[in-house]
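Below: one structure, written as structure tokens.
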Amino acid sequence: MLKHLELRRDVYYDSVILFQASSQLRELDGIDECLVAMATELNIRLLDDLGFKSEEAGNTSTSDLIIAVQGESQEIISRAIQILDTNLESQSTSCSEPHGTQVHRSLGKAVCTANANLAIISLPGPHVTPEAADALREGANVMIFSDGVSIEEEQKLKALAASHDLLVMGPDCGTAQLGGIGLGFCNDLSPGQVSIIAASGTGAQHLSCLLDTSGIGISSIIGVGGRDMSDEIGGSSTLQALRMLDNDTATTHIALISKPPGKKTSRRINKIIRSLETPVTIGLIGDPGVDLTKVARKIATTQNLPFRKPRLKLSGAPATGGQLIGLFSGGTLASEAGQIITDTAGPVAGIDTFEIPTPQAIVDRKDNVILDLGDDRMTMGKPHPMIDGTLRRRIIEKLTLKPAPRLLLFDIILGFGSNPDPAGEIADALDGFLRSHPKARAIASVVGTSRDPQGLDQQWQTLTALGCDVYESNAEAASAIALDLLANNGKFEDAHA
Amino acid sequence: MPNNLVSSELRIVTAGIGPIDDALINQSSIPTTIQWRLPSDPSLAPILSSIALSDAVTKANEKALTCLTSARPHLIGIDTAANAVDLEKGTFLHAGPPIEWERTSGPLRGALIGAALLENSDETPEGAIRLFENGKFKIEPCHHRGAVGPMAGVVSHSMPMFVIEDSITGRRAYCTLNEGLGKVLRFGAYSKEVIDRLKWIEKVLAPIMHETINAGDPIELYPIVSEALQMGDECHNRNRAGTSLFIRAIGSNLIQLKRPSSDLAACFSFITSNDHFFLNLMMPAGKLAADSARDIPGSTIVVAMARNGTDFGIRLSGTGDEWFTGPCAVPKGLLFPGYGPEDANPDLGDSTIAETVGVGGFAMAAAPAIVKFVGGTSDLALTSTQAMYDITVGEHPLFRLPSLNFRGTPVGIDAALVCRTCQVPFVNTGIAGKQAGVGQIGAGLVEPPIKCFNDGLKRYGEVSKVWLTSQ
């Protein structure tokens with residue numbers, strides 16, 4: 001073993017840089033021990049501990065650098081010193097990545113840094129509230145895409161928002177449009193003067209698309225969450241949205257769509273509506289005789305604009321019937337269809353009538369059923385059926401194996417955020433089902449605009465080519481089914497035997 | 001102005017699933033996205049929600065922040081531990097949360113033995129161990145007596161302590177005088193040179209320092225901290241500037257004392273040859289600030305972080321005297337020549353009071369030189385500090401960071417934010433040898449266990465349940 005000791009006078013390196021340089025040297029092959037340090041009293045003593053003769057260094061001062069290396073050969077030591085010099089040199093010149101923008105871990109701080117006016121949250125339900133509350137305290141409006149937020153937390157978040165004159169969209173707000181930007185699931189709509197406040201995402205999508213095809217453009221869509229107009233929440237977000245849109249010069253007409261509200265909330269909202277300058281059209285989906293298509297027509301009429309009759313394309317197959325099975329990705333479209341069919345043809349079962357709604361249990365049912373596949377009980381942590389159509393495809397594949405013909409009703413929802421080809425995703429399954437059941441029928445309502453990324457015409461073509469009846473209006477599709485069911489009531493009972 | 005979101009240009013931040021961001025980007029609206037993490041204890045979700053929703057908690061934390069940042073600590077003199085913290089013979093203070101002798105680590109044991117030898121020159125190490133084992137010698141945390149101690153933090157009855165007073169509240173805090181680097185008591189060394197140095201500190205340095213301090217006005221400590229931050233210290237692991245500023249502040253009074261000039265010179269060079277001399281002033285100054293933020297009902301702010309070499313402990317403002325502990329980690333960093341990672345003891349010391357009051361790891365941006373301890377670049381210094389803003393409720397009005405455009409250091413650690421983000425405080429630390437008597441073997445960074453924060457918040461939820469609903 002050779003020992004090398006040298007002293008460099010009047011240089012300064014930070015001790016930490018020197019620690020690191022020492023550690024790097026010690027890792028070199030053939031280097032047994034080394035010390036690269038300023039010549040402090042402590043380090044001189046350390047030198048002795050390591051077996052070097054500190055007196056060889058002569059008189060030292062703390063501005064001197066000690067380099068002590070013990071290695072197998074002179075060659076190895078010389079190389080080590082070279083490496084050390086390179087390292088010490090690079091300390092002053094090494095360039096690194098420029099420090100980019102800070103990635104935050106909490107929404108409140110991110111709102112602050114970005115001076116944001118809107119925070120969109122799609123976290124697991126139990127973890128939404130802290131982020132939402134922080135964002136509100138920092139002055140941002142909040143859109144909560146997630147469901148699974150308790151009603152108590154919703155109440156408190158909305159009270160917090162109200163005290164800061166802020167808006168909470170949601171929880172479970174799938175759709176909004178602000179400043180021409182679609183948020184969550186939203187269609188590519190032409191700009192206009194009608195704004196929509198909706199307690200339901202798919203309801204807002206269907207209404208805005210029906211208006212769009214009639215040439216009526218949309219200014220803003222504000223989602224408020226399915227529970228907002230319950231008496232527990234009291235319409236907190238709806239009231240804030242009404243005030244905001246009434247102050248908005250770009251909005252000349254407001255559409256308000258919701259399930260029927262709580263009694264107290266209904267009075268409260270009606271009182272505010274009467275005080276607004278902007279006219280409001282209310283559509284309460286679930287009230288007898290109310291559907292989204294009628295709301296769209298009413299808006300056109302009050303605006304003195306022509307309402308183009310929604311398109312439809314029928315396969316021409318005879319109405320041979322069978323029991324109804326409705327497979328919806330849009331919750332409001334499911335309940336709208338359920339309401340219309342119940343009013344005309346008698347009761348339709350929903351998802352709440354299943355103990356466990358497995359695909360097999362669903363196809364085994366022998367009564368008329370309409371299912372919201374976006375219901376928590378169906379998704380169970382999987383993506384929303386508007387994104388992932390696997391569940392619906394599985395159910396249709398299972399239907400194919402059943403002997404009975406069925407009336408199959410479903411929706412196809414286009415737009416930003418949705419599956420890139422929702423009709424294509426179930427096309428093979430539909431084809432199999434229709435081919436194996438000549439007496440079955442498949443009826444689709446397609447929600448979308450001609451500018452949507454999926455291509456409205458392509459989606460229609462896919463469905464009509466398979467032999468589906470295709471409707472632009474979900475209400476009209478449901479009415480047609482209702483008439484079918486009425487006409488064929490009881491006719492196919494024997495098929496289930 | 002009423003809410004004009006519908007007519008404004010959107011500036012969006014998002015937390016959650018990718019498709020939401022993708023849809024925005026497709027429409028040429030680029031959101032700021034956060035890196036959200038599931039809390040390490042997801043069962044805390046309900047209490048985290050209640051805390052975030054409560055205006056009263058926000059107010060309680062604002063109050064804690066005001067307390068933390070408005071202390072004005074002054075060095076007023078030196079006194080013995082017997083007088084300063086009423087420390088009786090046979091009781092020894094130590095760093096960190098309470099611990100039983102059986103569970104103490106090597107360096108803490110070594111320091112306790114050393115202090116016993118210091119107090120009784122006839123004692124042997126074996127004899128001292130027996131007295132600790134059979135309970136004749138008692139041990140107690142520094143924090144329980146208004147004191148703090150670096151590393152082992154051991155204080156015995158005759159040791160001199162700095163007396164620091166808050167000019168706002170009149171409150172006092174105490175700390176021993178720093179012994180220097182290498183083989184020293186605080187790293188568990190107790191050889192003759194260690195004991196001799198402690199005696200010299202008691203007999204020569206302490207009286208001279210006391211006279212020097214009293215020869216002028218009380219020395220205001222926070223201006224030194226503020227300036228040291230601008231001179232490359234983060235005031236925990238680098239105290240070179242702070243120590244230099246301190247000796248500058250007292251130098252003139254020191255050399256005018258009517259004492260043997262050899263003693264004055266020895267004191268002068270003892271201080272100037274020990275970069276960490278100021279650490280033992282910064283720590284009690286921090287303790288005063290942290291203590292003034294204690295016992296605020298409903299506050300989730302951390303008012304103490306301390307390690308005893310076995311457990312890492314924290315206290316929250318809203319949960320009183322209780323400590324919440326988890327196992328100390330072994331620091332990651334650079335070791336002195338001749339030592340390997342297997343020689344390192346788990347983290348110890350009360351010096352994490354620095355991070356508690358907004359310096360140390362939280363002021364890493366001020367001290368790029370020492371990011372080399374963890375093999376980092378000067379960017380790491382900036383990002384470390386920046387990450388701490390995510391778990392703190394405020395910025396220090398006095399401690400400013402040149403590299404962040406003179407932004408105040410992040411201060412006021414919110415345990416709720418730590419639990420939510422899984423981001424634990426960055427803590428700078430020295431590394432002690434595992435064997436009693438070895439001393440310091442390196443320096444680096446250590447991660448506090450998230451368990452202390454989770455446990456603290458759980459307890460907070462229990463004690464604040466009534467308070468939260470009554471607000």
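Just give me the residues in the stretch B:181-191 being more than 24 Å from B:D86 (Cα to Cα) and within 18 Å of the chain's Cα centre (by Cα), in sequence order.
B:F187 - this is the single residue of the stretch B:181-191 that is more than 24 Å from B:D86 (Cα to Cα) and within 18 Å of the chain's Cα centre (by Cα).
For residues that are away from chain B (no Cβ under 14 Å) and touching a Gly at 6+ places or on another chain (Cβ under 7 Å), scanning just the stretch A:227-254, find the one that is surrounded by the most Cβ atoms within 10 Å (Cβ to Cβ).
Applying the filter and picking the extreme gives A:D228.
Kindly provide the set of residues from the stretch A:108-139 that are more than 7 Å from every other protein chain (Cβ to nearest Cβ), in contact with a helix residue (DSSP H, G or I) (Cβ under 6 Å, 6 or more places away or on another chain) and either part of a strand (DSSP E or B) or within 21 Å of A:I233 (Cα to Cα) (or both), ordered by number.
Selection gives A:A132, A:A135, A:L136.
Out of the residues in the stretch A:33-60 meeting the condition of being among the β-branched types (V, I, T) and either touching a residue at least 60 places away in the same chain (Cβ under 8 Å) or in contact with a Leu (Cβ under 9 Å, 6 or more places away or on another chain) (or both), tell me which one is surrounded by the most Cβ atoms within 10 Å (Cβ to Cβ).
Start the filter on the stretch A:33-60 by keeping residues that are among the β-branched types (V, I, T), which leaves A:36, A:40, A:44, A:60.
Among the residues that remain, those that are also either touching a residue at least 60 places away in the same chain (Cβ under 8 Å) or in contact with a Leu (Cβ under 9 Å, 6 or more places away or on another chain) (or both) are: A:36, A:40, A:60.
Values: A:V36: 27, A:T40: 19, A:T60: 19.
Checking each candidate, the answer is A:V36.
For the stretch B:323-352, which residues satisfy the criterion of being assigned to a loop (DSSP other than H, G, I, E, B) and more than 14 Å from chain A (Cβ to nearest Cβ)? Full working, then the answer.
Our first condition is that a residue be assigned to a loop (DSSP other than H, G, I, E, B); within the stretch B:323-352, this holds for B:323, B:328-331, B:336-340, B:345-347, B:350-352.
Within the stretch B:323-352, B:W323, B:C328, B:A329, B:V330, B:N345, B:P346, B:D347, B:D350, B:S351, B:T352 meet the criteria.
Of the numbered conditions (1) outside any helix (DSSP H, G or I); (2) over 22 Å from the mean Cα position of the chain (by Cα); (3) not aromatic (F, W, Y), B:P98 fails exactly one; give the number of that condition.
Against the list (1) outside any helix (DSSP H, G or I); (2) over 22 Å from the mean Cα position of the chain (by Cα); (3) not aromatic (F, W, Y), B:P98 comes up short only on (2).
Give me a count of the residues in the stretch A:36-51 that are of a type in the set (D, E, K, R) and under 14 Å from B:N274 (Cα atoms). Working first, answer last.
Filtering the stretch A:36-51 down to residues of a type in the set (D, E, K, R) leaves A:41, A:45, A:48-49.
With the extra rule that they be under 14 Å from B:N274 (Cα atoms), the set shrinks to A:41.
Within the stretch A:36-51, residues that are of a type in the set (D, E, K, R) and under 14 Å from B:N274 (Cα atoms) number 1.
Being surrounded by fewer than 19 Cβ atoms within 10 Å (Cβ to Cβ) and within 7 Å of chain A (Cβ to nearest Cβ) is the filter; apply it to the stretch B:11-28 and report the residue that is nearest to A:F145 (Cα to Cα).
First, pick out the residues of the stretch B:11-28 that are surrounded by fewer than 19 Cβ atoms within 10 Å (Cβ to Cβ): B:11, B:17-19, B:22, B:25-28.
Still in the running and within 7 Å of chain A (Cβ to nearest Cβ): B:11, B:17, B:19, B:26-27.
On the way: B:R11: 17, B:I17: 10, B:P19: 12, B:N26: 18, B:Q27: 18 Å.
The qualifying residue nearest to A:F145 (Cα to Cα) is B:I17.
Pick from A:L123, A:L118: which is at pLDDT 95 or above and aliphatic (A, V, I, L, M)?
Working: A:L123 fails: at pLDDT 95 or above.
Residue meeting the stated conditions: A:L118.
Just name the residue that is surrounded by the most Cβ atoms within 10 Å (Cβ to Cβ) out of those in the stretch B:30-72 that are at the interface with chain A (Cβ under 9 Å from one of its Cβ atoms) and among the hydrophobic types (A, V, I, L, M, F, W, C).
Selected residue: B:I51.
Which residues, taken from the stretch A:441-459, are buried (at least 19 other Cβ atoms within 10 Å of the Cβ) and of a type in the set (G, A, S)?
Within the stretch A:441-459, A:A442, A:A444, A:S445, A:G448 qualify.
List the helices (runs of 4 or more DSSP H) that sit entirely inside the stretch B:375-470 and contain at least 2 residues that are touching a residue at least 24 places away in the same chain (Cβ under 8 Å) and among the aromatic types (F, W, Y). Show your work before the answer.
On the way: elements: B:378-388, B:415-421, B:450-463, B:465-470.
Per the criteria, B:450-463.
Give A:T390, A:T400, A:T462 a once-over and let me know the one that is surrounded by fewer than 17 Cβ atoms within 10 Å (Cβ to Cβ) and either β-branched (V, I, T) or in contact with a Leu (Cβ under 8 Å, 6 or more places away or on another chain) (or both). Don't jump to the end; show me each part of the working.
Working: A:T400 fails: surrounded by fewer than 17 Cβ atoms within 10 Å (Cβ to Cβ); A:T462 fails: surrounded by fewer than 17 Cβ atoms within 10 Å (Cβ to Cβ).
Testing whether each residue is surrounded by fewer than 17 Cβ atoms within 10 Å (Cβ to Cβ) and either β-branched (V, I, T) or in contact with a Leu (Cβ under 8 Å, 6 or more places away or on another chain) (or both) leaves just A:T390.
Which residue out of B:L87, B:L75, B:L93 is modelled with pLDDT of 95 or more and either surrounded by fewer than 23 Cβ atoms within 10 Å (Cβ to Cβ) or in a helix (DSSP H, G or I) (or both)?
Residue meeting the stated conditions: B:L75.
Of all the residues that make up the stretch A:140-173, how many are of a type in the set (D, E), part of a helix (DSSP H, G or I) and more than 7 Å from every other protein chain (Cβ to nearest Cβ)? Spell out how you get there, then give the answer.
Restricting attention to the stretch A:140-173, the residues satisfying the condition of being of a type in the set (D, E) are A:147, A:152-154, A:165, A:172.
Still in the list and also part of a helix (DSSP H, G or I): A:152-154.
This time we only want the ones that are more than 7 Å from every other protein chain (Cβ to nearest Cβ), so: A:152, A:154.
Selection size over the stretch A:140-173: 2.
Scan the stretch A:184-215 for residues that are modelled with pLDDT under 95 and β-branched (V, I, T) and jot them down.
Listed by number, the residues that qualify are A:T202, A:T213.
Out of curiosity, is A:I282 away from chain B (no Cβ under 14 Å), surrounded by fewer than 22 Cβ atoms within 10 Å (Cβ to Cβ) and within 30 Å of A:I481 (Cβ to Cβ)?
Details: away from chain B (no Cβ under 14 Å): yes; surrounded by fewer than 22 Cβ atoms within 10 Å (Cβ to Cβ): yes; within 30 Å of A:I481 (Cβ to Cβ): yes.
Yes, satisfied.
The values are calculated or read from the model by the stated rules, or taken from the named source; none is laboratory data. Predicted model only: the values in this text are computed from it and were never measured. FYI the Cβ positions are ideal-geometry reconstructions off the backbone, even for glycines, and counts take in every protein chain you see.
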